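Everything below concerns the one structure shown next.
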Amino acid sequence: MDKFVVFAPSPNANGSMAAYSCARGASVADPLFTVDRVRVDFMCLSSKPCHGAVLFSDTRSGAYWVCNPSTGECVPLPEQRRGLMQSSAGLVYDDRTKERKVVHLFRKDKDIHCEIYTLRLPNGKWRPANHGVELLEGSEIVAKLINALHTQDSVTKTPPVFANGCLHWLVYPNSRMDMQMGVVVCFSVGTETFQLLNAPAGLHVAEYSELDEYLPAVPMHLAELEGSLCLVHDLRRRGQAKSWLDVWMLRDPAASEWSLGYRIAVTPLLALDLHSPRFITILGSSSSGGNDQEKRKILIATSQHLVHAYDPDNGDIQLVFSARETNIRIGQKEAAVALWLGLYEDNLVQIGGGNHQEKEVLSIITKILVRLSVKSITQSMLVCKQWCSLIESESFITTHMSEKRPTRILMANNGRARRAFFDFTSVKN
């Protein structure tokens with residue numbers, strides 16, 4: 001069953017932001033946590049979780065947080081340097097070290113810098129990417145990175161996208177750059193180096209060197225679908241009766257080889273006109289239902305807090321989630337910056353460093369709970385939120401199902417009182 005994380009103004013009306021989880025088709029959302037002194041209007045959210053963790057930022061202060069909706073944990077990252085001109089960050093997963101990291105790209109004093117923060121390290125702090133080795137050799141890649149920061153800040157207002165082991169930034173063209181070359185900047189998590197990707201051959205990037213009222217607010221942006229990078233091209237135009245959303249899939253990163261994966265009709269179900277909604281994106285694949293056909297549906301989210309399911313086989317589009325139809329006080333009709341919602345991914349990973357004692361306690365609790373009966377486990381879910389999240393996790397359910405149970409012997413009688421219900425006798429008798 002698909003589940004979503006939704007951010008909205010806190011009901012306390014104190015300028016805080018609240019996070020909720022809500023299942024597809026449900027009308028009641030569960031509160032997760034609140035973040036003080038952060039207005040959702042200025043939040044920039046990574047709508048796709050990274051192994052359960054979600055990154056978001058306050059665009060006013062430049063502060064970043066990483067949260068885990070499954071456990072309700074929300075941790076602010078160490079304070080950034082002051083005086084940053086532009087800043088962008090993405091959450092990545094290192095397959096070699098099995099660590100979650102935040103890659104931070106920023107501009108200060110006309111220079112571009114890149115630093116990395118590894119989650120759960122004791123006394124963690126930011127370190128230079130590639131351990132201080134010069135990354136940004138040559139004026140071309142520096143110019144691309146400056147343009148990428150400007151693109152996020154002024155046009156897409158979406159964070160970089162993690163896919164294929166790399167973090168990706170989109171670069172909008174200008175009059176001083178080759179229109180098709182180096183449209184995407186990639187940061188490799190494994191080597192901690194930058195490289196460039198060209199635009200799809202069938203995409204005419206040059207027409208977006210200048211944006212006007214005849215184009216959608218975000219004509220192009222990056223997303224991730226089934227582990228691959230995709231470039232979403234919004235083809236809405238003023239005065240055009242029908243419009244489409246082209247989804248270009250990156251097939252071969254080394255050769256910058258793209259293919260048109262999907263062409264989705266956005267009018268009239270997804271969009272009313274050129275600017276309603278402001279932003280339409282690919283959220284991921286649907287996990288609801290038990291058959292393969294259902295799993296192939298693509299989730300499409302809009303800045304109006306709606307999620308639709310698109311069936312590539314027949315082109316059907318179905319509304320599957322609306323934040324306004326839940327108990328969430330969403331407030332504004334439309335998000336000012338990209339999305340206020342994202343996918344929920346079940347994972348009990350700890351965001352903070354924690355300590356050895358906490359890990360031991362959680363491990364012991366898990367070993368005890370898996371040995372209990374289903375009835376006792378259900379009652380244990382009421383103890384606290386951490387226990388509830390632990391019991392609902394897929395890993396716990398799998399462990400509990402595979403746990404060997406002791407053999408039970410049932411003895412019954414006819415209910416009449418006897419002096420000796422049973423007795424022992426020798427084998428000879």
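The values are calculated or read from the model by the stated rules, or taken from the named source; none is laboratory data. Keep in mind the model is a prediction, meaning the values are calculated, not measured. Here the Cβ positions follow ideal geometry from the backbone for every residue, glycine too, while neighbour counts run over all protein chains shown.
Annotation note: Cβ proximity below 8 Å between a residue of segment 364-389 that is within 19 Å of LEU348 (Cα to Cα) and a residue that is exposed (fewer than 13 other Cβ atoms within 10 Å of the Cβ) and of a type outside the set (Asp, Glu) (sequence gap 6+ or interchain) occurs for CYS388/LEU382. Taking the criterion of being under 24 Å from the mean Cα position of the chain (by Cα) and surrounded by fewer than 21 Cβ atoms within 10 Å (Cβ to Cβ), the only residue of segment 197-217 that qualifies is ALA217. Residues satisfying the criterion are absent from segment 227-240 (criterion: touching a Cys at 6+ places or on another chain (Cβ under 6 Å), surrounded by 14 or more Cβ atoms within 10 Å (Cβ to Cβ) and either assigned by TED's automatic domain parsing to the domain that holds PHE321 or in a strand (DSSP E or B) (or both)). Could you check, for segment 243-254, whether at least one of its residues is under 27 Å from VAL54 (Cα atoms), of a type in the set (Ser, Thr, Tyr) and surrounded by fewer than 21 Cβ atoms within 10 Å (Cβ to Cβ)? No, every residue in segment 243-254 fails to be under 27 Å from VAL54 (Cα atoms), of a type in the set (Ser, Thr, Tyr) and surrounded by fewer than 21 Cβ atoms within 10 Å (Cβ to Cβ).
Apart from one condition, VAL28 fits all of (1) surrounded by 18 or more Cβ atoms within 10 Å (Cβ to Cβ); (2) among the β-branched types (Val, Ile, Thr); (3) in a loop (DSSP other than H, G, I, E, B); the exception is (1). Only one of the numbered conditions (1) closer than 30 Å to GLY284 by Cβ; (2) modelled with pLDDT of 65 or more; (3) out of contact with any His (no Cβ under 9 Å at 6 or more places or on another chain) is not met by ASN347, and that is (3).
Taking the conditions exactly as written (without any contact (Cβ under 8 Å) to a residue 40 or more places away in the chain, assigned by TED's automatic domain parsing to the domain that holds PRO49 and more than 21 Å from the chain's Cα centre (by Cα)), does GLN304 satisfy them or not?
no
Here GLN304 fulfils each of the conditions (1) at pLDDT 95 or above; (2) touching an Asp or Glu at 6+ places or on another chain (Cβ under 9 Å); (3) not in a loop (DSSP other than H, G, I, E, B); (4) not aliphatic (A, V, I, L, M) apart from (3).
Here's the yes/no breakdown for (1) under 18 Å from LYS144 (Cβ atoms); (2) part of a strand (DSSP E or B); (3) without any contact (Cβ under 8 Å) to a residue 12 or more places away in the chain:
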position: ASP212; (1), (2), (3): no, no, yes
position: PRO216; (1), (2), (3): no, no, no
position: GLU224; (1), (2), (3): no, yes, no
position: LEU250; (1), (2), (3): yes, yes, no
position: LEU260; (1), (2), (3): no, yes, no
position: ILE264; (1), (2), (3): no, yes, no
position: ALA271; (1), (2), (3): no, no, no
position: ARG278; (1), (2), (3): no, no, no
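All conditions but one from (1) assigned to a loop (DSSP other than H, G, I, E, B); (2) more than 19 Å from PRO268 (Cβ to Cβ); (3) at pLDDT 95 or above apply to LEU299; the one that does not is (1). Quick check: is even one residue across segment 193-210 modelled with pLDDT under 95, out of contact with any helix residue (DSSP H, G or I) (no Cβ under 8 Å at 6 or more places or on another chain) and of a type in the set (D, E, K, R)? Yes, segment 193-210 has at least one match. VAL5 meets all of the listed conditions (1) part of a strand (DSSP E or B); (2) over 13 Å from the mean Cα position of the chain (by Cα) but one, namely (2).
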